[in-house]
1. Name every residue in the stretch 289-306 that is within 12 Å of the ligand (Cβ to nearest atom) and either charged (D, E, K, R) or without any contact (Cβ under 8 Å) to a residue 40 or more places away in the chain (or both), in order of residue number.
2. Starting from residues that are in contact with a Phe, Trp or Tyr (Cβ under 6 Å, 6 or more places away or on another chain) and either in a helix (DSSP H, G or I) or within 18 Å of residue 266 (Cα to Cα) (or both), keep the ones in the stretch 307-318 and report whichever is nearest to the ligand (Cβ to nearest atom).
3. Would the stretch 120-133 turn up any residue that is in contact (Cβ under 8 Å) with a residue 24 or more places away in the chain, at positive phi and either touching a helix residue (DSSP H, G or I) at 6+ places or on another chain (Cβ under 9 Å) or more than 16 Å from the ligand (Cβ to nearest atom) (or both)?
4. Out of (1) in contact with a His (Cβ under 9 Å, 6 or more places away or on another chain); (2) part of a loop (DSSP other than H, G, I, E, B), what's the single condition that is false for residue 292?
5. Which residues, taken from the stretch 129-143, are crowded, with 23+ Cβ neighbours inside 10 Å and either in contact with a Ser or Thr (Cβ under 6 Å, 6 or more places away or on another chain) or among the aromatic types (Phe, Trp, Tyr) (or both)?
6. Condition test on residue 148, is it within 16 Å of the ligand (Cβ to nearest atom) and either surrounded by fewer than 19 Cβ atoms within 10 Å (Cβ to Cβ) or not assigned by TED's automatic domain parsing to the domain that holds residue 214 (or both)?
7. Could you please let me know if residue 280 is at positive phi and buried (at least 19 other Cβ atoms within 10 Å of the Cβ)?
8. Quick test of your reading of the structure: residue 164 fulfils all but one of (1) hydrophobic (A, V, I, L, M, F, W, C); (2) surrounded by 22 or more Cβ atoms within 10 Å (Cβ to Cβ); (3) more than 14 Å from the ligand (Cβ to nearest atom); (4) touching a residue at least 40 places away in the same chain (Cβ under 8 Å). Name the failing condition by number.
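The values are calculated or read from the model by the stated rules, or taken from the named source; none is laboratory data. None of the values given here were measured: they were computed from a predicted structure. Reconstructed Cβ throughout: ideal geometry from the backbone, glycine too, with neighbour counts over all protein chains shown.
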Amino acid sequence: MHGAFSENDLSDVIAADKAHVWHHLVQHKPFETSDPRIIVEGKGMRVWDQNGKEWLDAVSGAVWTVNVGYGRESIAKAVYDQVLKMNYFAQAAGSVPGALFAEKLIEKMPGMSRVYYVNSGSEANEKAFKLIRQIAHKKYGGKKTKILYRERDYHGSTLATMSAGGQDERNAQYGPFAPDFVRVPHCMEYRKHELGPELAALSGREFGIACANEIEKVILREGPETVGALCLEPVTAGGGVIEAPEGYWDRVQEICKQYQVLLHIDEVVCGVGRTGTWFGYQHYGIQPDFVTMAKGVASGYAAIACLVTTEEVFDMFKDDATDPMNYFRDISTFGGCTAGPAAALENMRIIEDENLLENCIAMGERMNANLKALMEKHEVIGDVRGKGLFQGCELVTDRTTKDPVPEAKAQAVVAECGKHGVIIGVTNRSIPGRNNTLCFSPALIATADDIDQITDAVDKALTAVFG
Ligand SMILES: Cc1ncc(COP(=O)(O)O)c(C=O)c1O
């Protein structure tokens, strides 16, 4: 154990939490008779709770965030030094770490050029939507306001981002939503039988191209003159860890060019190393117009999210300086906090100096192979998929029909892993009847032993729940 917290009595903390804290995504009734988990300390891949119990964290802070692991003194120091010198000034002015991180980030994103700082993934996506709408007004006479999004993708918790939300269960009870967000079908080959007989008959590259063509059909149905942008996750995260099939991205890029539809890639999860490249879209050779990122940008050491655009987009907002409305009339108060870019700079240095992208690929392959090996023993594993240290394992009652296991059973696997001291994730309350994918996203520092410990726990948990 690290630190001295175990000597302290945390009962006051627990009482205060139970009395006053509203946790996210949690039904609180059980806390009337039990305690919430309070994470007190972290080091590397491991965290400790209020009882001193050690956990191996296979999900980087539960939501794919702590990419460089816990307890990084150099990030804490960079933030300390920066906030003492200059903690905040609104973004109409610049900051030293803001300028330096923007430069460093753009080095990793050929073709992109401008960075807009905000606080959360949802906010970054909202800003992109606002830019797309403003472009529609500036350039297309108020047309091209529609934003396409994909079934199963998620872009945030605010009302506009939920309007672009492809997860009906997550959206339930929060409507009505904003107009002019239009859904396109998912492109998940494992569940192609749910997409109708034409698509179900295809596979591999043919299936990928056909799925992209479904986007074109939506554009033509809506009228290309009304469609401003397409927003996609590079690898769908909370919707089930879904990588698009071969052929998909090339065709998507072609379609966007053909109909002057801006391409917005939501890298909130995949950005900054999670899949083994700096950004998920870089696996596929595409050139987006907007890239949003959040979680791994500073590994949770400070709240920072970024919206990155091309110089072409940026130019549209400065072409006529005599027009008083002709700039991005947007503000993000806490986008001016310097802790974020200070932490992000150090986070990026660590990833480079410790070769964490390479480690991510090697350990991702190991995790994928371990999970695939478990398929021999556990019939309940229908599919194993993912990219880098972002892996998913879909549980089904029958490999032929691919009927999903009930959500409660998938959650029981998570609880069983907990008994072995390993925190894993599962898709939850997202897609009706399809919350059956176990999720793994350990920090990019994971070792072979860590990976084996995680998959051993999954092995035992599957035996305990399914026999
Ligand atoms: C792909 C994706 N986009 C956006 C978001 C929203 O980010 P935030 O919770 O920081 O607002 C999330 C959060 O999980 C996400 O997974």
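1. 295
2. Let us first name the residues in the stretch 307-318 that are in contact with a Phe, Trp or Tyr (Cβ under 6 Å, 6 or more places away or on another chain), namely 307, 309, 317.
Narrowing further to those that are either in a helix (DSSP H, G or I) or within 18 Å of residue 266 (Cα to Cα) (or both): 307, 309.
Values: 307: 12, 309: 17 Å.
Applying the filter and picking the extreme gives 307.
3. Start the filter on the stretch 120-133 by keeping residues that are in contact (Cβ under 8 Å) with a residue 24 or more places away in the chain, which leaves 120-133.
If we keep only those that are at positive phi too, we end up with none.
No: zero hits.
4. Result: residue 292 passes all but (2).
5. Answer for the stretch 129-143, where residues must be crowded, with 23+ Cβ neighbours inside 10 Å and either in contact with a Ser or Thr (Cβ under 6 Å, 6 or more places away or on another chain) or among the aromatic types (Phe, Trp, Tyr) (or both): just 129.
6. Working: within 16 Å of the ligand (Cβ to nearest atom): yes; either surrounded by fewer than 19 Cβ atoms within 10 Å (Cβ to Cβ) or not assigned by TED's automatic domain parsing to the domain that holds residue 214 (or both): no.
No: the conditions fail for residue 148.
7. Values: at positive phi: no; buried (at least 19 other Cβ atoms within 10 Å of the Cβ): yes.
Against the criterion (at positive phi and buried (at least 19 other Cβ atoms within 10 Å of the Cβ)), residue 280 does not qualify.
8. With (1) hydrophobic (A, V, I, L, M, F, W, C); (2) surrounded by 22 or more Cβ atoms within 10 Å (Cβ to Cβ); (3) more than 14 Å from the ligand (Cβ to nearest atom); (4) touching a residue at least 40 places away in the same chain (Cβ under 8 Å) applied to residue 164, the lone miss is (3).
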